[in-house]
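Working notes, structure below.
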Amino acid sequence: MINEPSTTVPSGNYRDLFAMKLHYNSGASSIVSGTENLYNDNISAMQWQVLGEESDIRAYAFDYDNQNRLKQALYRENSGSGWNTVSASYDLINIGYDKSGNITELLRMGKTGASSFGLMDGLSYTYSGNRLMKVDDSGLKNLFGRCSAV
């Protein structure tokens, strides 16, 4: 743990610039119901808080396949009344792997407009053997007029 994410001073202001806590065998199921506490050194969840970003504590809960490869990371926020789903705002989902353990695809959600969220990156990976040759992105073509996918 780096500082304590929920530490506040009496006035309610957060006192550390950054705080992060990693969960292994406890705490994950309180962030996302059904998330398993892990006893194999995988991180089951992480939570953090940054000075100046309101008083919300943010978190990811992680899910792994039978070979301990990341399957998804689900984003949540806690503003004091419990962990809320923020309409899949920053989730990482549908991570696929080939027989060699190389990532073949993943979907990353993110901010797609001033106040909207949706698919930001739809990545598919092409390999020659185990050598990465190309990454295609079927996600956003124009994000706030600044960038485009190839």
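The values are calculated or read from the model by the stated rules, or taken from the named source; none is laboratory data. As the structure is a computational prediction, the values presented were derived from the model and not from experiment. Glycine also receives a Cβ, built like all others from the backbone with ideal geometry; neighbour counts cover every protein chain displayed. With ligands, DNA and RNA removed, areas are computed over all heavy atoms of the protein, side chains included. Shrake-Rupley method; radii C 1.70, N 1.55, O 1.52, S 1.80 Å.
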Among residues of the stretch 32-62, those that are over 11 Å from the mean Cα position of the chain (by Cα), surrounded by 11 or more Cβ atoms within 10 Å (Cβ to Cβ) and within 30 Å of residue 98 (Cβ to Cβ), counted: 8
The stretch 70-128, residues that are within 16 Å of residue 139 (Cα to Cα) and of a type in the set (Gly, Ala, Ser): 88, 89, 110, 113, 116, 118, 122, 124
Residues satisfying the stated conditions in the stretch 65-99, i.e. open to solvent by 40 Å² or more (accessible area, probe 1.4 Å), in contact with a Phe, Trp or Tyr (Cβ under 8 Å, 6 or more places away or on another chain) and farther than 21 Å from residue 43 by Cα: 87, 98
